[in-house]
């Protein structure tokens, strides 16, 4: 038997140990493959090595550096630390920040193999996706986010010193409760230059000191007038209604908020907008990074830059990352985005390079194209999870994942119906239903501010359009509506409108009196 030995001098490292010169060699080798062979386009990389405690801290503040203080971050830190110390939960090998430069945090406890995997995954896979996907281009400012977070942290600290920690905390609590309703969801809004926000904040404050809100000056304070005294359309137009960005409306129109409170709402709103694309691209983002790290690690092994032992270590970690429990497994909690995304990326690569007749019928535009990376780069740039799955989930993938669709018919007293099986109609239905699970327009409650009773008690009216028979959860609605009432300063009423356009449920809240 003849054994071919790879030259030891070509190895990037030996064993598990590493130092910073090793990390530099790893980065350069990954970069050569990522840019030269895969054709990736990335922001400049900044790699930082942190401890497990620092990783826990990053977990707690949603992975963002320079974040302002809030009690919920400490709560999350204690929760994650307890499970980690008891061995009941692992930490992520990395956290990556969508900024320019793109910051990748590596845990110092990682082996050299894991540092290579993490660099390939985060510094090149996620980095490319952040820079090129249309949602991130439309909604985020990678150049300015770090400067803006530094400004936000300093601003909230100054507010705590001037107005008291309790007052600032109440405002942040309310803003965080409404954070998921603090984003612009539709194209047409211009991307904000976050680097200029501090200057604009100073200009806004100077302007507010000279001006007053003419709309609220003209609101009568005496007896309520009839509804006809103020035209509905004119009133809505003046307030920009209907409005689905609740934090934006409060920031601009809440009559009792102080200028510093409006600025805090603006800060929370900008942070929510920053994360908005990530909510819509979890499968694609993780699938892209996993596919990229698999390609880079495989090429490093083929080139003799990592040993067989290191490659086996990588494969074990990779298998854990893409593990998908079956539906009857106690560990099942939905689709693992790494598993689904990576499987679909590999399937697209197969369709492009080695298609079947079925693939040619379902995907005539890409089947047999030959250049898999060109097709994948185009997909990574122009799709989000919902459209990606609805366009590229193949019958082959549905069979491999053993997907099926169940329908719970309210007319049936026992059991559920299997409404989609593995035939052409079933494939289409399964693909359509799975894509809806990743469509925030389908999964998030559609809540709009529709009117304000300016002539009467100034009550704020909101409406929730009930989709698919899903009403709001009573307890959560009560708590969030209370925060909304506190920020608005007057009563709020939320109506749930069913499929017949009638008011099915109502929820009300009044502002709390704050004891100083």
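Some observations on this one:
- Per-residue Cβ neighbour rank within 10 angstrom, fewest leading, 470, 102: 470, 102
- Each label point was placed 7 Å from the Cα along the Cα-to-Cβ direction; for residue 405 and residue 308 their separation is 4.8 nm.
- Projecting label points 7 angstrom from Cα along Cα→Cβ for residue 52 and residue 424 puts them 5.6 nm apart.
- Global form of the range 268-391, assessed from the alpha-carbon gyration tensor, a/c cut-off 1.5: rounded
- Computed over the range 330-441: relative contact order in percent, which uses C-alpha pairs under 8 Å that are six or more apart: 22 percent
- Anisotropy class of the range 445-509 from Cα gyration tensor, a/c 1.5 cut: oblate
- Put simply, when 257-266, 422-431 are sorted by average Cβ atoms within 10 angstrom per residue, most first, you get 257-266, 422-431.
- Short-range pairs are left out: with C-alpha atoms under 8 Å and at least six residues apart, the relative contact order of the range 445-509 is 32 percent.
- Ordered by the count of other Cβ atoms within 10 Å of each Cβ, fewest first, 404, 363, 323, 342 give 323, 404, 363, 342.
- Neighbour-count order for 14, 474, fewest beta carbons within 10 angstrom listed first: 474, 14
- Semi-axis lengths, Å, the range 330-441, gyration tensor of Cα atoms, sqrt of 5 times eigenvalues: 28, 16, 12
- Cβ-Cβ FRET estimate between residue 236 and residue 162, R0 fixed at 56 Å, reported to 0.05: 0.95
- Additional length obtainable on full extension of the chain from residue 432 to residue 490, 0.36 nm per residue less Cα span: 16.6 nm
- Highest mean packing first, where packing is the average number of other Cβ atoms within 10 Å per residue, the peptides 314-322, 487-495 line up as 487-495, 314-322.
FYI, it's all coordinate maths here, none of it is from the lab. This structure is a prediction, so every number in the text was calculated from the model and none was measured. For neighbour counting, all protein chains shown are included, and Cβ atoms are generated from backbone atoms with ideal geometry for every residue, glycine included.
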